[in-house]
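A.B. asks: Let me give you the structure first, and then I'll get to my questions.
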């Protein structure tokens, strides 16, 4: 197995086996920024969705590598703003679980949608993620908390992009591993929906 593929396999195993061992940080103890940074890292649904966005963007290649994650982050910020303004959306948690399932299927199938459609699809899911972040603001300052979760989200997207680009260099085996990761993400999304 080439070194890059071995490194990608190890990274994938680490991401797949990662289960955060801490709850949301209390902003009164840790500050609003750290509470925001930690927020997406404390839920497997958020981690899987964010990494899958990056992985799918890398599979798509070209403009999608930056356009798809940027659409997610931008629309998530809009959702956060809507949530802060008191706008509620129905089925927020089921839609977040559905995003994990759908993004997993997109990665597993290496779906080749047009960039605008890809960005629109992840943007739809991001709206629900943003509203969920607003509903869990608690005593945190909105601006610092929002900046924190945007940083973490972008970092998780970057991890997915890096993984996808590394797998892309692995030829057939790398492509198969990427699709396998997508299938695992989809299975986790289905379990979240049924659980």
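The values are calculated or read from the model by the stated rules, or taken from the named source; none is laboratory data. Note that the structure is a prediction, hence the values are computed from the model and not measured. Here Cβ is always computed from backbone atoms with ideal geometry, including for glycine, and neighbour counts include all displayed protein chains.
A.B. asks: With respect to residue 94, determine if the residue is surrounded by fewer than 15 Cβ atoms within 10 Å (Cβ to Cβ) and in a helix (DSSP H, G or I). Give the derivation first.
C.D. replies: On the way: surrounded by fewer than 15 Cβ atoms within 10 Å (Cβ to Cβ): yes; in a helix (DSSP H, G or I): yes.
Yes; evaluated as a whole, the condition is true for this residue.
A.B. asks: Against the definition (surrounded by fewer than 16 Cβ atoms within 10 Å (Cβ to Cβ) and either modelled with pLDDT under 95 or assigned to a helix (DSSP H, G or I) (or both)), how does residue 159 come out, yes or no?
C.D. replies: When the stated conditions are applied, residue 159 does not pass them.
A.B. asks: Being at pLDDT 95 or above, part of a helix (DSSP H, G or I), surrounded by fewer than 21 Cβ atoms within 10 Å (Cβ to Cβ) and at negative phi is the requirement here; does residue 128 meet it?
C.D. replies: no
A.B. asks: When you look at residue 183, is it in a helix (DSSP H, G or I), surrounded by fewer than 22 Cβ atoms within 10 Å (Cβ to Cβ) and at pLDDT 95 or above, yes or no?
C.D. replies: So residue 183 passes the test.
A.B. asks: Within segment 97-127, restricting attention to residues that are free of Cβ contacts under 8 Å to residues at least 60 places away in the same chain and under 12 Å from the mean Cα position of the chain (by Cα), which residue is nearest to residue 60 (Cα to Cα)?
C.D. replies: Only one residue fits best here, namely 123.
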